[in-house]
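Report on the structure given below.
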Amino acid sequence: QVQLVESGGGLVQAGGSLRLSCAGSGRTFSSYVLGWFRQAPGKEREFVAAMRWSGGSTSYADSVQGRFTISRDNAKNTVYLQMNSLKPEDTAVYYCAARYFSSSFNASEWRYWGQGTQVTVSS
């Protein structure tokens, strides 16, 4: 049983930074893609960033490219989302997700999800 637990959300002023963490357990993630999605009130869940657990390729939504960085720590079985230059429009619940083998921009195609962590950016 895969478990993903996010942490690190909070309230920050525009222009500030936050780092989200997602600790995974329940299986070896070497063949998985780990990703971050977000969902603002009244909006659909949207792709933010993803990376292969084995390393190499990363992908980002255009809206966060150059501001957010996804990374991982193999020893801690943890994936991170470093968020810099935050904007009020980044306010959302951020979710960690895992998918076998390949990435997808479509949230419905990801099988495993964390409980989410709230990020609020004030103007």
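The values are calculated or read from the model by the stated rules, or taken from the named source; none is laboratory data. Since the structure is predicted, the reported quantities are computational estimates derived from the model, not experimental observations. We place every Cβ from the backbone using ideal geometry, glycine too, and count neighbours over all the protein chains shown. Note: areas computed on protein heavy atoms with side chains; ligands, DNA, RNA excluded. Shrake-Rupley method; radii C 1.70, N 1.55, O 1.52, S 1.80 Å.
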ask   = Can you name every residue in region 26-50 that is under 25 Å from Ser85 (Cβ atoms) and not in a strand (DSSP E or B)?
value = Ala40, Pro41, Gly42, Lys43, Glu44, Arg45
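Every residue, every condition in (1) out of contact with any Asp or Glu (no Cβ under 7 Å at 6 or more places or on another chain); (2) farther than 17 Å from Gly10 by Cβ; (3) of a type in the set (Phe, Trp, Tyr), yes or no:
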position: Thr28; (1), (2), (3): yes, yes, no
position: Gly35; (1), (2), (3): yes, yes, no
position: Ser59; (1), (2), (3): yes, yes, no
position: Ser63; (1), (2), (3): yes, yes, no
position: Phe68; (1), (2), (3): yes, no, yes
position: Pro88; (1), (2), (3): yes, no, no
position: Ala92; (1), (2), (3): yes, no, no
position: Ser102; (1), (2), (3): yes, yes, no
task = Please work out which residue is modelled with the lowest pLDDT, limiting yourself to region 1-53 and to residues that are open to solvent by 20 Å² or more (accessible area, probe 1.4 Å) and charged (D, E, K, R).
result = Arg27
note = (1) at positive phi; (2) without any contact (Cβ under 8 Å) to a residue 24 or more places away in the chain all hold for Thr28 apart from (1)
message = For region 54-65, give me each residue that is modelled with pLDDT of 95 or more and part of a loop (DSSP other than H, G, I, E, B).
response = Ala61, Asp62, Ser63, Val64, Gln65
note = Exception for Leu86 within (1) open to solvent by less than 20 Å² (accessible area, probe 1.4 Å); (2) within 14 Å of the chain's Cα centre (by Cα); (3) closer than 17 Å to Val119 by Cα falls at (2)
ask   = Hey, does region 66-74 have a residue that's at pLDDT 95 or above, β-branched (Val, Ile, Thr) and assigned to a loop (DSSP other than H, G, I, E, B)?
value = no
Selection within region 58-76 - polar (S, T, N, Q) and under 15 Å from the mean Cα position of the chain (by Cα) = Thr58, Ser59, Ser63, Gln65, Thr69, Ser71
key: Condition met for Ala23 (farther than 20 Å from Val121 by Cα, among the hydrophobic types (A, V, I, L, M, F, W, C) and part of a strand (DSSP E or B))   = yes
So Ser108, is it free of Cβ contacts under 8 Å to residues at least 40 places away in the same chain, surrounded by fewer than 16 Cβ atoms within 10 Å (Cβ to Cβ), not aromatic (Phe, Trp, Tyr) and not in a loop (DSSP other than H, G, I, E, B) = yes
